[in-house]
Amino acid sequence: MKMTLPADVPADKEKAFIENFEKTTGGSGRLMLFAGDQKVEHLNNDFYGEGIPLEDNDPEHLFKIASKADIGVFATQFGLITRYGRDYSDIPYLVKLNAKTNLIPYEAKDPYSQQWLEVEDVVRFQKSSGLDIRGVGYTLYLGSEHEHAMLREAARIVHEAHRNGWIAVLWIYPKGNFVKDQHDRHLISGAAGVGAALGADFAKLKVPYIDGKLDTEGLKEVTTAAGRTGVLCEGGDKTSPEAFLMELHEQIHHGESRGNGTGRNIHQRPLDEAIRMADAIYAVTVKNASVEEALQILEGNTKSN
Amino acid sequence: MKMTLPADVPADKEKAFIENFEKTTGGSGRLMLFAGDQKVEHLNNDFYGEGIPLEDNDPEHLFKIASKADIGVFATQFGLITRYGRDYSDIPYLVKLNAKTNLIPYEAKDPYSQQWLEVEDVVRFQKSSGLDIRGVGYTLYLGSEHEHAMLREAARIVHEAHRNGWIAVLWIYPKGNFVKDQHDRHLISGAAGVGAALGADFAKLKVPYIDGKLDTEGLKEVTTAAGRTGVLCEGGDKTSPEAFLMELHEQIHHGESRGNGTGRNIHQRPLDEAIRMADAIYAVTVKNASVEEALQILEGNTKSN
Amino acid sequence: MKMTLPADVPADKEKAFIENFEKTTGGSGRLMLFAGDQKVEHLNNDFYGEGIPLEDNDPEHLFKIASKADIGVFATQFGLITRYGRDYSDIPYLVKLNAKTNLIPYEAKDPYSQQWLEVEDVVRFQKSSGLDIRGVGYTLYLGSEHEHAMLREAARIVHEAHRNGWIAVLWIYPKGNFVKDQHDRHLISGAAGVGAALGADFAKLKVPYIDGKLDTEGLKEVTTAAGRTGVLCEGGDKTSPEAFLMELHEQIHHGESRGNGTGRNIHQRPLDEAIRMADAIYAVTVKNASVEEALQILEGNTKSN
Amino acid sequence: MKMTLPADVPADKEKAFIENFEKTTGGSGRLMLFAGDQKVEHLNNDFYGEGIPLEDNDPEHLFKIASKADIGVFATQFGLITRYGRDYSDIPYLVKLNAKTNLIPYEAKDPYSQQWLEVEDVVRFQKSSGLDIRGVGYTLYLGSEHEHAMLREAARIVHEAHRNGWIAVLWIYPKGNFVKDQHDRHLISGAAGVGAALGADFAKLKVPYIDGKLDTEGLKEVTTAAGRTGVLCEGGDKTSPEAFLMELHEQIHHGESRGNGTGRNIHQRPLDEAIRMADAIYAVTVKNASVEEALQILEGNTKSN
Amino acid sequence: MKMTLPADVPADKEKAFIENFEKTTGGSGRLMLFAGDQKVEHLNNDFYGEGIPLEDNDPEHLFKIASKADIGVFATQFGLITRYGRDYSDIPYLVKLNAKTNLIPYEAKDPYSQQWLEVEDVVRFQKSSGLDIRGVGYTLYLGSEHEHAMLREAARIVHEAHRNGWIAVLWIYPKGNFVKDQHDRHLISGAAGVGAALGADFAKLKVPYIDGKLDTEGLKEVTTAAGRTGVLCEGGDKTSPEAFLMELHEQIHHGESRGNGTGRNIHQRPLDEAIRMADAIYAVTVKNASVEEALQILEGNTKSN
């Protein structure tokens, strides 16, 4: 996987972008994104309740995992980073620039998740805080009546990230009353193409499924349609680690995805197990580990590094 | 309770922020917020009518209380501060940056409470007036169709406050047709997490109740979900002082709340009683007073300082 | 009535504000506002038709009255001032910064009256034209779904006026489908409190009536709730001069209003009579004249100055 | 008719404004506005079809007429001026700053015609191109739910035009579901007053008709209500030249209108006839020609100059 | 066909504009626009499925064609250009500044396709990347309730392009519930006139059809109404090459169109065939080739250059 140096990275930021990209993807061109933006997106549903360890209710749990596990980036909101950043300055961060709650059902009103802060705010913050920020992220909902506002914000964010030598990750989900099946391969391929047209380095997308099973051929339509934009497969609900890692391996090595964005399947575990799960995911995503090797890491039989 | 120095407080404002925070919380990390923003939020309902002393109808009543009682901050609108500030320059102020009236029911139209002035306006005002302004506040309504606009304004306000060495307090209330029970602990925990994701120093939240009684376990879910953002419990309707102080004590010492925002339970009393009530609340909140000690202050048997 | 020097008047504008306020209120702290903004608000209804002298149809009628009568300020739109200002440079002006027509009924659509020009535009205009501009005015409709936009514009206008040493007058009217009785004292008291929270020097409000008669006690609730913001009573439809002046006297001396905003009761008369009516109103409002004395002025038996 | 020098024309632009106004009105204070903005407003309806000469379909037809006929200004969109301006640099232009199509019926949705370019864009363009631009124009629809946005844009445009020494013309039409009869004199008088309150030099208005015949008395109500803002009567659908010129004469000499805005009655003719029609209209409007004299010009028996 | 030098091209950009225009139109004044913006507009529908070669699913297919075929410009989104631009620096680009998906049917909600980036962003990008960018494009939907926003954006984009010496192409499509037949010649003529009023160099329009056959007379109404704005005929669905080239020839030589915008009829072919198809279209459009000659190019019997 050759890295694409976007043409809107200016000459004086080329070196920074390349180093940033190589470090973040471990030289593999693939990204293991630890998703920690659900405190707004899902309120407290992902962090407290049956089957979730109590420690997950404390936001610091996310930072503890992110600081000790192998990850590409830890993606979360600016505010959360400001509250823990001084104690967790070793984490590679990706600042998620927008978020919405789940209180209004998609069928009731079309979603609009507006940008909270400007890229230049984050750039200035990076300089003043010295934190290890690698890029920015943004979610857009195609098919919403507010699609136009999110397309504009996304296009600007990607371009501004590149101008600063940062990577840009877009979460692209078709939503709203005119979207029938969000796991349809053709629809997801369309979302992939939108990510390419917006110039994203990575696009986090829904995964194509047929009868609940990964549609590997469909994923190839998706990853091809994305062109030079890397496709990150959504981690989704918590499942068994084995099933998760097997599908992940299949996504990457047969579906040609270029990474994954995983939250619940990591943080809804006790700290030690969460770290090992992240390490296993990282090994498959970035280090070409087999499922077997990854399961060894998960079991704690192998150190990930 | 260790103070969190937010990572977006720049180096040249660190000292100011720390002094500001320590002074405002009396070194306890807990905030007694005297809420005086209801002249817009509730129009004249809280200030005139049965069971309310006549003097409460004059806005100066709030300033008299705030200048003589022990409080953390007096939170009210900019305009009111401008009209009384020269005569009450000793009050520690928190400028509430938005407000709406209660004329439109929440069921009829989703609320939008827009920011009135920029943080930089208040900063400039602080410098020109010399008033003792400690920070800014903002209310956001999750679940409103205008949620996106308020999330953006809130995120920017918190960040700008920190850049100036000020504290930021968010009032976060889920509202609208999709919110069933605003005293549900899990929903309030979600609001707490949003406050954390926005980087607030304190979040003023609804209190979880079961059958009208404080749900202390629920409050712990809330205060844990808030992470390093301190939870302020809403004071609510006027109740008996004893019941109020007992619940307050329970909130802090068993629910791990980090303060309270109280208006009506203070100002709907004659000046002298109002001052003693504020002093009692402050004693419990900041000085680790027992309910007994607080009641002594309320009775006037003990000086609060 | 002590003048309040708002805390957001900067040091280098304090003298200007005080002189401006004293001159405009004739040292009484009370304002006689000659309202001439109805050409937009009511289209031509107030200026042409049965019982209205023909000369009132020409906008210059307003300027002739304003230049010859005793008034505090003549409140009208910027554009009208630009068309007559060079010939009427002696009038004390208050620039009304927004206006809407009456074509859409309040029941059909919630009103939004947007700001036309910025305060800084008017400040620059004052400097270049040399006209005697004393301040700015703005109308806001509480209870409209656009309330948030008007609250924001109002808050900014008041602050910017003060920063320039000018006075700010807000017209505050609850409107829309959720407002039952706009002459309810408690509702008007709420509007008064909003005026205070916005920092207005004066708030022009509806007058509380019971069965069509002035509710003096109710007006005291209103004027107390307004705090240091002076309450201007709306002039309303044209009535008999005697009834008008008697009520005005009662409003001021028993209701503790601090002035009035009168349009139709002045300009819907031939020039000479209109001037005497304005003089009579001014005498009651500013000079503590009795109703008897005011009626003498109206009759032309006494010179007002 | 004395020219009004608006008070917001700054000292260094007074001479420019006066020369501009005098030249544009031929010293008469009256404006013959050749309206060429219908390519957006009416799409191709006015330019192609039964009874319209084929040459009218080419936009250059408008420029040919404007460059050869006697006119005050040719009012059209910026873009059209840019495409023909280098070949028609002798035309006095008025840049119409907004326009909308007629695809959505007024009964279906309230109209909003947004400003396309800023006055400063046009000022810079005038300087760089050297074209003979005399001012700017803008249409506003009173009674639309978007009225507030158009009132604001109009107020700003008039003021910015004056600051540059230019004249400002407003097209003011009450529209929407609450407007019963747009030819009602009282309603049009209201629109005239709005034009005055916005500070326009000229307001192009509907003409009051009773049973399809000019209501001269009504027009006097209108022109009086407009004060120092000159009323331009809308030219309307194509009619017989005689009827048109007779009504025009009546409008000016008995209704006290100060000009007209005519499009279709000019351009829906072959070039030569169109020029003569424009000359005839100009003669009546600016040169006090009688209807007889104007008809002679139209017939080609008299040269207009 | 004489080139029009728009009057808003400033003196120091005249030479650049002329060279740009001449090079882009091959001296013919006619534009062959290779449309590659459908990855957003049609999601993946145009790129994957029955009858489409697999290679079309990869966005690079578009760049391969554009770099090897004769084209005027390759029109696509900024982001896509940034991802391939460093490897395809020889392509003449036109940056399409807005786009929307097809998820919401036009009957369900009126379309709004908002501008993503400013012209100045693209200008800065052109300078920093050195890519061969010739101009910008924008789509507007007349008859949408958001028409006003798109008219404003379009007007500004055209003007800013000219100020930079670039050409501006507008895609103008009447859409929404009030548009009956989008292939109606009179309606398309109206859209052409709007393009002229906006100052566009070229307007890409629907083609007038009667019973599915080109309405050549109708097209002449359209191209005349467009004035000096060149009309580009929409390429539309994929048809037989012979039919396509014959209609193209007819459009240009009898309908007086000034080019075409073709996407699917080119890229939905294997690379080699796609290049020859583009070459054939270019030959007809720019080089006055006959249909016979164009078919020879398509067959590969004649080299296009």
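The values are calculated or read from the model by the stated rules, or taken from the named source; none is laboratory data. Bear in mind that the values here come from a model prediction, so they are computed numbers and not experimental data. Neighbour counts are summed over all protein chains in view; Cβ atoms, including those assigned to glycine, are modelled from backbone coordinates with ideal geometry. Just so you know, the surface numbers come from the protein's heavy atoms only, side chains and all, with ligands and any DNA or RNA stripped out. Shrake-Rupley method; radii C 1.70, N 1.55, O 1.52, S 1.80 Å.
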Computed accessible area, A:ASP211, all protein chains, 1.4 angstrom probe, square angstrom
150 Å²
Taking the label point as lying 7 angstrom from Cα along the Cα-to-Cβ axis, what are the distances from E:GLY212 to the corresponding position in the remaining copies, in ascending order and in nanometres?
4.6, 4.6, 7.5, 7.5
Could you check which residue among A:VAL194, A:VAL119, A:VAL179 shows the biggest mean-square fluctuation in a GNM of chain A with a 10 Å Cα cutoff?
A:VAL179
How much of the DSSP bridge set in segment B:11-298 is antiparallel, in percent, rounded to the nearest 5?
10 percent
Rounded to the nearest whole number, the Stokes-Einstein translational diffusion coefficient of segment E:69-153 at 10 °C and 1.306 mPa s (Kirkwood radius, C-alpha pairs) in µm²/s is 112 µm²/s
In nm, what does the list of distances from E:GLU118 to its counterparts in the other copies look like, shortest first, when each label sits 7 Å along Cα to Cβ?
1.0, 1.0, 1.6, 1.6
Accessible area of A:ARG156, 1.4 Å probe, to the nearest 10 Å²?
50 Å²
Provide Rg and Dmax in Å for segment C:1-83, with only Cα atoms included in the calculation.
16.4, 52
Find every distance from the label point of A:LEU271 to the corresponding label point in the other copies (7 Å from Cα along Cα→Cβ) and write them in nm, one decimal, shortest first.
5.4, 5.4, 8.8, 8.8
Relative contact order computed over segment E:116-246 (Cα-Cα under 8 Å; 6+ residues apart), in percent:
20 percent
Rank D:GLY212, E:VAL169, D:ILE266 by how far each Cα sits towards the positive end of the charge dipole of the protein assembly as shown (+1 on Lys, Arg Cβ; -1 on Asp, Glu Cβ) and give me just the farthest.
E:VAL169
Note down the Stokes-Einstein diffusion coefficient of segment A:201-248 in µm²/s, whole number, using a Kirkwood radius over alpha carbon pairs, 10 °C, and 1.306 mPa s.
138 µm²/s
From the phi angles alone, apply the Karplus equation (6.51, -1.76, 1.60; θ = phi - 60°) to segment A:177-186 and give each ³J(HN,Hα) in whole Hz, x where the residue is Gly or Pro.
5, 9, 9, 7, 10, 6, 9, 6, 4, 6
Kirkwood hydrodynamic radius (C-alpha pairs) into Stokes-Einstein, segment E:11-298, 25 °C and 0.890 mPa s, D in µm²/s
131 µm²/s
Checking segment B:177-268 for trypsin sites (Lys or Arg not before Pro) in a loop per DSSP with at most 13 other beta-carbon atoms within 10 Å yields B:LYS180
GluC sites (Glu not before Pro) lying in DSSP loop within segment D:1-56, provided at most 15 other Cβ fall within 10 Å
D:GLU50
Students often get this wrong: which residues of segment A:109-136 have the backbone nitrogen under 11 Å from the point 7 angstrom along Cα-to-C-beta of B:LYS15?
none
Inter-part distance where segment E:7-49 and segment B:142-182 are each reduced to a Cα centre, Å
45 Å
Under the Debye formula (equal points on every Cα, no solvent term), log10 I(q)/I(0) of segment E:84-236 at q = 0.09, 0.12 Å⁻¹
-0.30, -0.53
Tell me what the protein assembly as shown gives for mean residue ellipticity at 222 nm when only DSSP H runs of n ≥ 4 count, each as -39,500 (n - 2.57), the sum divided by the residue total, rounded to 500 deg cm²/dmol.
-12000 deg cm²/dmol
Quick calc, C:GLU120 & A:ASN301: beta-carbon distance into FRET formula, R0 60 Å, rounding 0.05, result 0.30
Kirkwood hydrodynamic radius (Cα pairs, Å) of segment B:218-285?
12.3 Å
Under a 10 Å cutoff between Cα atoms, tell me which one of E:LEU31, E:LEU80, E:LEU295 has the largest fluctuation in the Gaussian network model of chain E.
E:LEU80
If I build a Gaussian network model for chain B, linking alpha-carbon pairs within less than 10 angstrom, which residue out of B:ILE52, B:ILE81, B:ILE275 has the largest mean-square fluctuation?
B:ILE52
In 5 Å bins starting at 0, how do the alpha-carbon pair distances of segment E:1-143 split up by percent?
2, 9, 16, 19, 20, 16, 11, 5, 2, 0, 0
Sort A:GLU292, D:GLU247 by accessible area with a 1.4 Å probe, largest first.
A:GLU292, D:GLU247
Whole-Å semi-axes of the protein assembly as shown's equivalent ellipsoid (Cα gyration tensor)
53, 53, 23
Show me the three semi-axes of the equivalent ellipsoid for segment D:145-299, from the C-alpha gyration tensor (sqrt of 5 times each eigenvalue), largest first, rounded to whole Å.
27, 18, 15
For segment A:11-298, averaging the sequence separation of alpha carbon pairs under 8 Å that lie six or more residues apart and dividing by its residue count, the contact order in percent is 20 percent
Alpha-carbon centroid distance for the pair segment E:255-296 / segment C:188-267, whole angstrom:
77 Å
To the nearest 10 Å², what's E:TYR209's accessible area with a 1.4 Å probe?
70 Å²
